[in-house]
Amino acid sequence: MKDTGSESLKVVVCSGKGGTGKTTLALSLAWTLGHAEEFSMPVRLLDCDVEEPNCHLFLRGNYAEQIPVLAEKPVFDMQLCIGCGRCANKCRYNAIAVVKGKPLVFNDLCHSCGVCGAVCPHDAITLKPEPIGEVLVDGSHRPFSFMFGRLQIGESQSPMVIGKMLEHVLSTGLNIIDGPPGTACNTVKAIGAADKVILVTEPTPFGANDLALALDLCAQLHKPCGIVINRSDNNDGLIEALAEEYQVPVIGKIPFKREYARACSDGLILTAEYPELRAEVIGSFSRLLSAAAVPAVVAADKIEHDECRIDSGSAADRKSDDYQELTVLSGKGGTGKTTVTGALIALSDSLVAADCDVDAANLRLLMNDRVLYTERACLGSEAVIEQRKCIKCGKCFEQCRFAAIDFDAAAGTYRVNELNCEGCGLCVEICPAKAISEKRAETGNLMLSESARGRLVHAKLAPAAENSGKLVSMVRSLAFAIADQQQKEWLLVDGPPGTACPAIASVTGSDRVMLVTEPTIAAVHDLERIIKLVRHFGIKPEIVINKADINPTYARKIRDLADTAGYRILGEIPFDETVKEAIKAGVPIVDFNEGPASQAVKNIWNRIKETRK
Amino acid sequence: MKYVISVKEQSLDARVDSRFGRAQMFALYDSKTGECSWHPNTQNFQAAQGAGIQTAQNVVNLGAEAVISGHCGPKAYRVLEAAGVRIYSIEGNLTIKEAVQMIESGKIKAMEGADVEGHWV
């Protein structure tokens, strides 16, 4: 293997969505390169999936160093505050209220933008750092050093935790970064730091769908990529065609074997257990170095819009009691959530479906739908600098908390980096020349589809767009209205991964929450985190164990956990090879065959119906 | 007493909307004079976060002495409490007048804490 030549190399391992084997590959890569004699650089693994970190479950780490991640929150000096309410007025996050002259701060809503302090006419606000997460470091771990970040449950500022981690990359050596799933702000933060990106996918229509989203994002960020096909069965035409279209090489394949799945479920590193995979992993890495390419821009299915409508989603944001809303979540992708959801859609004859995974919506792949209606959703705002008025003082550049102002040294101009801009409005307030204003930013598209199975509401978040939680709320709003109008019995919501804004927006106010998990060390860990979130809303989750027989130890752990807390297990789905074939064919399992998995899902649906509230 | 009531439509026969922060509109009802005015809640309708906080602030600014709604989350509760506004939680399908009558005859007591766990963000 040739050496990289550079002192520090940052490789981000990503996928459009979780569950494709991102963590598996990142761990195998770190372990194998760490051991490889021909590779002389030190290796560090950074788990930047801070909403659901998993890598540490596979390692016996000794986290001697624990670095708190701090975010600035406003503190009021009541001697100076006159209760004018300017701060509350300017806060985009509704984190401050002023009633009867008294300010109230809600720290968990605060994004630490600093606009409150900047607009206070009496300097009554100071910003004080408060912990929102932590970074744990095991510098002496062998054969690679390791660190992971963890966002406190209930906090939303995951890019800040990722930013903290990126301060600790090796300045000499190879940094392997396990990135967050999806294509939202946290992923942009991680990929933004990359020299090269590995995109992990699987050879199914879902894998292809999510891979295309990730490729679009890398094209936009100008990052060279290579594709690794996980669970390959040497029938990977779908992915290979996509790779060719985007002109990005397929740099490796990990074959599909039940024993590999079993090893991962037990928390084992694949290449440590299976020497036959080491050459493939090293080969993939060499090909990444030699052949990675920035994806070509592929023309997307463009939809014409006249203007950006502000009051998007005129639908009612309330629910009637005529239908029941069932939200399906998993904490993280890859546990079979969409497979189960797709099957339930096929089984019900009175249902509206809502795909709230706005980062990587893919329910429609199972529904064979036709889009009836598209609306451009513009929910946030973005700063714009009017160059003619700009006096180039650099104040915006210095004070922006989101690194969203770029300085072009050659031209001497300041410009807004639209991918980083949160639209907090700080720069608008502090610009002495009043050269900065705000324009509405595109959040994505909201769509309504018709299919033989019923109507589907879904959305596509624009890459790195803010307000994914808001877009989720819009999807649900429209779905409420449709369920009402069509007098359906069920509203089935396919929820997003993670525990931050979009997950929160899909759970709040739901009637029932079903958690799809699998008996693996990582899934059980994620299950515990998502249960905390669901419980926060006063909802008792119901649980489905997918691939229940793949690992009896962890299956028992899930049953015990449910038992102790009094959560109902709706059913267990056995490992069934034909599920993969059904996914590949894009057909819900219950329509595909009468096998054991198909039967299990039918039983689950019957149990859900029996207990309709 | 000046009540602010979350409702689904602009009518004295309107039922109390169980949602506070994301209610469609509010009735400001003065039980002394019988006067009623209507105030849409559209401003927060699309808010991704903090709807209850903003709404509570607006309700206080309307001059409410008491709020009638279905459920009140902890954030909105904190705002209303700080402003000395009483909160009445109504179960079932009551109209504005029915709800006010029940409160004034002492059948419904003011809440002493948030009744739904709030949500982050």
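The values are calculated or read from the model by the stated rules, or taken from the named source; none is laboratory data. Remember, it's a predicted structure, so these values are computed and weren't measured experimentally. With ideal geometry, Cβ positions are generated from the backbone for all residues, glycine too; neighbour counts draw on all protein chains shown.
From the residues in the range A:476-526 that are away from chain B (no Cβ under 11 Å) and without any contact (Cβ under 8 Å) to a residue 60 or more places away in the chain, which one is farthest from A:Glu610 (Cα to Cα)?
Only one residue tops the list, namely A:Val524.
Which of the residues spanning the range B:93-114 are basic (Lys, Arg) and closer than 16 Å to B:His71 by Cα?
Of everything in the range B:93-114, just one residue is basic (Lys, Arg) and closer than 16 Å to B:His71 by Cα, namely B:Lys109.
What number of residues in the range A:237-251 are free of Cβ contacts under 8 Å to residues at least 40 places away in the same chain and more than 24 Å from the chain's Cα centre (by Cα)?
So the count comes out to 4.
Output the number of residues of the range A:118-157 satisfying the condition of being out of contact with any Cys (no Cβ under 8 Å at 6 or more places or on another chain) and either within 14 Å of another protein chain (Cβ to nearest Cβ) or in a helix (DSSP H, G or I) (or both).
Result for the range A:118-157: 9.
Select, from A:Leu372, A:Leu379, A:Leu363, the only residue that is surrounded by fewer than 20 Cβ atoms within 10 Å (Cβ to Cβ), within 26 Å of A:Leu471 (Cβ to Cβ) and not basic (Lys, Arg).
A:Leu372
Assuming A:Asn94 fulfils every condition listed in (1) in a loop (DSSP other than H, G, I, E, B); (2) more than 8 Å from chain B (Cβ to nearest Cβ) apart from one, which condition is it?
(2)
Can you find a residue in the range A:457-465 that is modelled with pLDDT of 90 or more, farther than 30 Å from A:Phe58 by Cβ and over 20 Å from the mean Cα position of the chain (by Cα)?
Scanning the range A:457-465, I find no residue that is modelled with pLDDT of 90 or more, farther than 30 Å from A:Phe58 by Cβ and over 20 Å from the mean Cα position of the chain (by Cα), so the answer is no.
A:Phe407: free of Cβ contacts under 8 Å to residues at least 40 places away in the same chain, in contact with an Asp or Glu (Cβ under 9 Å, 6 or more places away or on another chain) and more than 19 Å from A:Ser477 (Cβ to Cβ), yes or no?
In short, no.
Does any residue in the range A:268-291 that is in a loop (DSSP other than H, G, I, E, B) come within less than 7 Å, Cβ to Cβ, of a residue that is of a type in the set (S, T, N, Q) and modelled with pLDDT of 95 or more six or more places away or on a different chain, and which pairs are these?
A:Ile269/A:Ser28
Can you pull out the residues in the range A:411-452 that are part of a loop (DSSP other than H, G, I, E, B) and touching a residue at least 60 places away in the same chain (Cβ under 8 Å)?
A:Leu419, A:Asn420, A:Glu422, A:Gly423, A:Cys424, A:Gly425, A:Glu442, A:Thr443, A:Ala452
Checking the condition part of a helix (DSSP H, G or I) and in the same structural domain as A:Phe285 (by TED's automatic domain parsing), which residue from A:Asn186, A:Asn175 passes?
Of the residues listed, the single one that is part of a helix (DSSP H, G or I) and in the same structural domain as A:Phe285 (by TED's automatic domain parsing) is A:Asn186.
In the set A:Leu561, A:Leu533, which member is touching a helix residue (DSSP H, G or I) at 6+ places or on another chain (Cβ under 7 Å) and over 12 Å from A:Gly336 (Cβ atoms)?
Just one listed residue meets the conditions, A:Leu533.
Can you pull out every residue in the range A:254-279 that is closer than 22 Å to A:Gly16 by Cβ and over 24 Å from the mean Cα position of the chain (by Cα)?
A:Pro255, A:Phe256, A:Tyr260, A:Leu270
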